[in-house]
Amino acid sequence: MANIKQLIEANKNSYARLRNPGSDTLDELKNYNVVKYAMDERSDHGGLAYYNPEDKTLIVAHRGSETRRDWLVTDVQIAVGVKETLADMAAMRFTDSVIEKLDRNGHDIDLIVQTGHSKGGRESQMCVKKLVETTDIECIGMTFNATRIHGKQKNKDIDYPSVNLRVTGGSAFSTDVVSSFGQQLGHNVDVTLPNVKNFIQAHKLSTFDSMIETYPEFSNMDIKDVMREIKKGVQLASIEQGYPGQQQNNSPQDVKSLINHLTGTPEIRTATPGTVTKGQIVAHTQTQVVQQLGENSKFFMLHDKATLSRIPDIGTNVQIKHNKNSSLKAGVEHLAPQQFPKKMTR
């Protein structure tokens, strides 16, 4: 089955193919055969398709912005809210042509994985939408910092199997702007990478190499498993740590083993009404959020998810303020890096 690492490679190849149209060696993808590459002359859409005959999985990668037409025409149309661009339509025609080619050659398709970066991510979402609504073949989308789709494209009665990974360094200034603007077809999931310092760096496809290094288990997971966990609301870092689906009693001893890799002698406390804490979210259990109270601190606070106004992502620095009136939800506020305390907050 396809994994995220392979999809990143397929997206890189879609860019490389445009820059080096005569070099077939740039198309190589482990366990997959190249089915087709195409460059649409009217829209400059670029597509690269792969097929695995063993598990009958088709990967269709749509190239992001790279040409003058991409930047000056298609990207502008997306920015002003055009419902369907020529590149969108070309992406759907390319997908149809690949499916037809495989069918003519007697190859069955059990799963179609649509992928793309930036503008290519939007085209991927448009293809997922069409396939989900018009075919019985299972189709999922996994995109990287994808641009938005028009809100009217989404059928509110359909839970589209599409996930967009959005890079963030942990602040608004280091979060990918492109996929933060407008709506995605399915779920938008933040990938927290502390080494990302600005939104330009966050948007680059090459930045996802850091994701592979930071979250190797997640990057090598079967795409269908990733989709299933994300749909259940499991955070990326929790997936990386291997906790999804495991039964946990959430006792201090259970959490102690969960965070033992962070410090050899953790001291764990449970938040009560009136508690105010600052620190980084380091883990989730099924019912609790674990917060480290200061950089390199041995002190950790457990917060019941049911008491929080929203569930903060793992890797984010937050202040959590529990109201003295226990019937009210605790406030969760994101903190700038310089507000992160060095010692335990009392």
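Observations on the model:
- Per-residue SASA remark: residue 134, around 100 Å² accessible (1.4 Å probe; ligands, DNA and RNA not included).
- Gaussian network model of the chain, springs between alpha carbon atoms under 10 Å - residue of 187, 334, 284 with greatest fluctuation: 334
- Applying a threshold of 32 Å to the alpha-carbon distances of 204/329; 298/321; 30/119; 12/305; 152/324; 83/204 flags 204/329; 12/305; 152/324 as lying beyond it.
- When all alpha carbon pairs of the range 67-186 are counted in 10 Å bins from zero, the resulting P(r) reads 13, 44, 31, 11, 1 %.
- Within the range 178-247, the proportion of Cα pairs with more than 16 Å between them is 53 percent.
- Where the chain is the region considered: accessible area per residue in Å², 1.4 Å probe: 47 Å²
- Note on the range 137-192: with charges restricted to the Cβ of Lys and Arg (+1) and Asp and Glu (-1), its dipole about the Cα centre is near 220 debye.
- Counting heavy atoms of the protein chains alone, residue 69 has an accessible area of about 100 Å² for a 1.4 Å probe.
- Counting protein heavy atoms only, the range 1-159 has 46 percent of its accessible area on carbon and sulfur, 1.4 angstrom probe.
- Lys, Arg +1 and Asp, Glu -1 on Cβ, resulting dipole of the chain about Cα centre, debye, nearest 20: 1520 debye
- Approximate spin-label separation residue 34-residue 296, in nm, with each point projected 7 Å along Cα-to-Cβ: 5.0 nm
- Taking a quarter of the surface of the Cα convex hull of the chain gives a mean projected area of 18.9 nm².
- Other residues with beta-carbon under 11 Å from the beta-carbon of residue 161 carry, at +1 per Lys or Arg and -1 per Asp or Glu, a net charge of +2.
- Charge dipole (the chain, unit charges on Cβ, about Cα centre) - positive-most of 286, 135, 7: 286
- Gyration tensor verdict on the range 1-130 (Cα atoms; rounded if a/c is under 1.5, prolate if a/b is larger than b/c, oblate otherwise): prolate
The values are calculated or read from the model by the stated rules, or taken from the named source; none is laboratory data. These numbers come from a predicted model, not from an experiment. Don't worry about glycine lacking a Cβ; one is built from the backbone with ideal geometry, like all the others, and counts go over all protein chains shown. Side chains are part of the model used for accessible areas, which takes the heavy atoms of the whole protein and leaves out ligands, DNA and RNA. Shrake-Rupley method; radii C 1.70, N 1.55, O 1.52, S 1.80 Å.
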